[in-house]
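Participant: Next up is a structure, given as structure tokens.
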Amino acid sequence: MLRPLSALIRYRVPLKLMFVEIQLQAAMADGQVSEAELAIIREVCALLHMSQAEMAALMARMQSQFSYQQHSYQSHQHGSVSQATLLKEAYGVLGVSEDVSDAELKKAYRRLMSQHHPDKLVAKGLPEEMMQLAKEKTQEIQSAYDRIRQARKG
């Protein structure tokens, strides 16, 4: 079933990433990815011509995003999550290490915003139904970037 999709989105990287991200979000719905789910995601990535390194980087970013969402909510509701934890996860959301330069940080932020911005995704063929997901993703990327910039100012 994925072969026709693969042919359609092979060179449309933002659509391919969004598709795999949706699969990962479904797998992470319970807070973890089982070995069976991971095996299926690896197979999907192989059929979509994504390398293991690309998949691993995407998965690490998605896990950080999941934790960042959970901890941001907990922090907002109860104040029970440390700012250091949130900051570490914010770096993960952007897919960079904590010792990255300001220029590299901005570059990672811009790349992710470009990949997930709803207006760009509509122009590249993403269905309207997916716009809410893209909007949430860009808000999360913006929040993580803002948190890191604020921490670096102090």
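Participant: About the Cα centre of the chain, what is the dipole size in debye to 20, counting +1 per Lys and Arg Cβ and -1 per Asp and Glu Cβ, all else neutral? Spell out each step's value before the answer.
Facilitator: On the way: 19 positive and 17 negative charges, 126 e Å.
Around 600 debye, computed over the chain.
Participant: Determine the gain in length on full extension of the stretch LYS135-VAL100; use 0.36 nm per residue of separation and subtract their C-alpha separation, reporting nm with one decimal. Please report the intermediate quantities before stating the final value.
Facilitator: Values: separation 35, 0.36 × 35 = 12.60 nm, distance 2.61 nm.
10.0 nm is the gain from fully extending LYS135 to VAL100.
Participant: I would also like to ask the following. How large is log10 I(q)/I(0) at q = 0.14, 0.19, 0.20 Å⁻¹ when the Debye formula is applied to the Cα atoms of the chain, each weighted equally and without solvent?
Facilitator: -0.73, -1.27, -1.37
Participant: Okay, next question. Using θ = phi - 60° and the Karplus form 6.51 cos²θ - 1.76 cosθ + 1.60, what ³J(HN,Hα) does each residue of the stretch 136-151 get, whole Hz, x for Gly and Pro?
Facilitator: With coefficients 6.51, -1.76 and 1.60, one gets 4, 5, 5, 5, 5, 4, 4, 4, 5, 4, 4, 4, 5, 4, 5, 5 Hz.
Participant: Could you tell me how many cubic angstrom of Cα convex hull volume the stretch 1-77 has per residue?
Facilitator: Working: hull volume 6.8 nm³, N = 77.
Expressed per residue, the convex hull around the Cα atoms of the stretch 1-77 is 89 Å³.
Participant: 5 Å is the cut-off here: which amide hydrogens, built 1.01 Å from N in the peptide plane, fall below it relative to LEU48, excluding neighbours closer than 5 in sequence?
Facilitator: HN-HN under 5 Å from LEU48: empty list.
Participant: Please name whichever of GLN25, ALA84, MET50 sits farthest to the positive end of the charge dipole of the stretch 1-114, dipole taken about the Cα centre and charges placed at Cβ: Lys and Arg +1, Asp and Glu -1.
Facilitator: MET50
Participant: Trypsin sites (Lys or Arg not before Pro) within the stretch 3-37: which are DSSP loop residues with at most 16 other Cβ atoms inside 10 Å? Before the final figure, lay out each step's value.
Facilitator: Numbers: sites: ARG10, ARG12, LYS16; in loops: ARG10, ARG12.
Taking the stretch 3-37 and a limit of 16 other Cβ atoms within 10 Å, the loop trypsin sites (Lys or Arg not before Pro) found are ARG10, ARG12.
Participant: Distance cut-off 21 Å, Cα to Cα: go down the list LYS16/LYS88; LYS88/LYS137; LYS107/LYS153 and report the pairs above it. All intermediate terms of the calculation are to be shown ahead of the outcome.
Facilitator: On the way: LYS16/LYS88 27 Å; LYS88/LYS137 18 Å; LYS107/LYS153 18 Å.
Listed pairs above 21 Å: LYS16/LYS88.
Participant: Here's something else I'd like to know. Divide by every residue of the chain the summed helix terms, -39500 (n - 2.57) for each DSSP H run of at least 4, and state the resulting mean residue ellipticity at 222 nm, rounded to the nearest 500 deg cm²/dmol. All intermediate terms of the calculation are to be shown ahead of the outcome.
Facilitator: On the way: 8 runs with 119 residues, N = 154.
Computed ellipticity for the chain at 222 nm equals -25000 deg cm²/dmol.
Each value in this text was obtained by applying a stated rule to the coordinates, not by laboratory testing. Just so we're clear, the structure is a prediction, and the values are computed from it rather than from any experiment. Counting neighbours? That spans all protein chains shown, and the Cβs are built from the backbone with ideal geometry, glycine included.
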